Amino acid sequence: MEKQKVVYLDNAATTQLSTEAYKEMLEAYNSVYGNASALYKLGRDADELLAKARQRVAKAIGASPSEIFFTSGGTEANNWAIKGIARANRDKGNHIITSVIEHPSVLESCKALEREGFKVTYIPVDEFGVIKYSEIVKAIGPDTILISIMSANNEVGTIQPIKAIAELAKANKVIFHTDAVQAIGAIDINVKDIGIDALSLSGHKFYGPKGVGALYVKKGVKIDNLIDGGKQERGKRAGTENVPAIVGMGKAIEEITENIEENNKQLRSIRRYFLKQISDLIHNISLNGHPTQRLQNNASVAFEGAEGEAILMMLDREGIYVSTGSACASGSLEPSHVLLAMGKDIETAASTVRFTFSKFTTKEDIDYVVAKLKKIVKKLRSISAIRIYKNKVEI
Amino acid sequence: MYNEKVLNEFFNPENVGVIKGATGKGKVVNPVDKEIVKLYVVVDGNKITEASFQAFGCTSTIACASVATKMVLNKTVDEANAITAHDIEAELGGLPDGKKHSAKMAEDVIKNMVANISKQK
């Protein structure tokens, strides 16, 4: 049987592991298996690997190694940042500002804090998914202790004005946290230049392994411990470190941040090619997100009259892997909270498919995807209870 | 997530489209995600002799609508009206959690079709 072609276009969900990161991880697994807290050489070697990885992560975002805390991933980093900072600074106030389009790990952390008595303001976005800066200005009050705004959105790829928000936070003596899980490796982020007080990142979004991430906390920012126990992560996040995973993330972040420009150039070209092809071949489609202020690896497209999950399942049979909105939201009937916040109607949200490219995506892959997509959308529209004519819709 | 039966029905739906001269029509819209299912039937004497559907919906909604058109065939209008979401789901060998609404939509579109026929009388 001929092997089916596989085209993986769900890179905002997770990425393929970098070969170089994998090699370093194997070495850590096989030869440096000591506990990094142990005094003997095998332990010291593991501790050295941790120090090297911490250095690499710090360098990638312009931080000091002592400001980097390893976590189990982006969700843990977001939970820790929001709950840990809010609780540690409660004596200064009880108000938090975030946005309506944050990742569930941020939104649910904020809801948990609301149950503890904190007040949370959820800032709306415009039609392109850009957070309304003027609403943050209005929301800041004497009780505001934390602003948490993502660097770039995971569903539609819109990049947020975090420098302006960081400056606003600083002027008002408010701590600024950013969920940079989608942005690391896609945009140049220097925490000192931008003025970021806390930042979350996740290894598997930039060709590192799953189950590992980091939280940057600027020196002097108060944050509660996440896990009490031993002295790992300076006593703030106890538990034996997953050395091989941390090593893999360190290598991956070094590789990706050294090649941001080159990667973006390639991704921009792939994205443009994809959009040109689908616009030429499939009618009644629309794009979600900002036209220019955006991640180059993301194309969020609505296909009128064809439902997103049905498209996903038909693409799956052809070896093409995509997502509807965000994978975190799949399994729920509710349409994407991000698309609705941007003012899209429910039908558009339900017809949206997210394609996220990687450095491995080729034009040949795109040709294959677009050819299959054209047939699939045509088939689903032939079944659809919504009649689609060129530029005309009838329900 | 989906079993083979559901996937097979989704990839190869039967009785798709509009029946011109249908004697009964039904339509349901899911208020949460705006999925739409339409059902068309021909009732000859007391029996449903033809049935077709159109659906804007996910994998299981298309599968349930397709299977529903087959389940109502050769039944009386009253017998069709007695078909439940449970019967439709059972016919497909079960649906994943979070997808049960698809069978309910198929039940509701049959009931809507029957109600519309009753109104015409």
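Annotations for the structure displayed:
- Lysine pairs meeting the criterion (Cα under 22 Å, 8 or more apart or interchain), as found in the range A:247-395: 29
- All lysines inside 20 Å of B:LYS104 as judged from Cα atoms, apart from same-chain residues fewer than 8 positions distant: B:LYS5, B:LYS25, B:LYS27, B:LYS34, B:LYS38, B:LYS70, B:LYS75
- Among beta bridges that DSSP assigns inside the range A:53-205, antiparallel share in %, nearest 5: 10
- Computed packing ranks the peptides A:226-232, A:249-255 as A:249-255, A:226-232, most packed first, by mean other Cβ atoms within 10 Å.
- Antiparallel DSSP beta bridges within the range A:125-264, percent to nearest 5: 45
- The stretch between A:LYS138 and A:LYS265, if pulled fully straight at 0.36 nm per residue, gains 42.0 nm over its current Cα-Cα span.
- Nearby aspartates and glutamates by direct alpha-carbon distance to A:LYS23 (threshold 18 angstrom, same-chain neighbours under 8 apart not counted): A:ASP45, A:GLU48, A:GLU254, A:GLU255
- Under-5 Å amide H pairs with A:ARG294, H placed in peptide plane, nonlocal only: A:ILE159
- Karplus 3J(HN,Hα) series, Hz, for the range A:85-98 with 6.51 cos²θ - 1.76 cosθ + 1.60 (x for Gly, Pro): 6, 4, 5, 6, 10, 4, 5, 8, x, 9, 10, 10, 10, 9
- Listed peptides A:370-378, B:37-45 appear in the order B:37-45, A:370-378 once ranked by packing, highest mean of other Cβ atoms within 10 Å at the front.
- Mean projected area (nm²) of the alpha-carbon convex hull when the protein assembly as shown is viewed from all directions: 27.6
- Per-residue ellipticity at 222 nm, computed for chain A from helices alone with -39500 (n - 2.57) per DSSP H run of at least four residues, works out to -12000 deg cm²/dmol.
- Whole-Å distance, taken between Cα centres, linking the range A:288-318 and the range B:50-103: 28
- Here the scattering of the range A:19-258 is modelled by Debye summation over its C-alpha atoms, one equal scatterer each and no solvent; at q = 0.15, 0.16 Å⁻¹ the log10 of I(q)/I(0) is -0.96, -1.08.
- Of all DSSP beta bridges in the protein assembly as shown, antiparallel share, percent nearest 5: 65
- Taking trypsin sites (Lys or Arg not before Pro) across the range A:1-68, the ones in a DSSP loop with at most 10 further Cβ atoms lying within 10 angstrom of their Cβ are A:LYS3.
- Of the peptides B:9-18, A:132-141, A:94-103, B:25-34, the order by per-residue mean of other Cβ atoms within 10 Å, starting with the highest, comes out as A:94-103, B:25-34, B:9-18, A:132-141.
- Restricted to Cα atoms, the range B:4-120 shows a radius of gyration and a Dmax of 12.9, 40 angstrom.
- The spacing between the range A:177-219 and the range A:44-105, judged by their C-alpha centroids, is 8 Å.
Bear in mind that the values in this text are calculations on the coordinates, not laboratory data. No experiment lies behind these values; they were computed from the predicted model shown. Cβ: placed from backbone, ideal geometry, glycine included. Neighbour counts: every protein chain shown.
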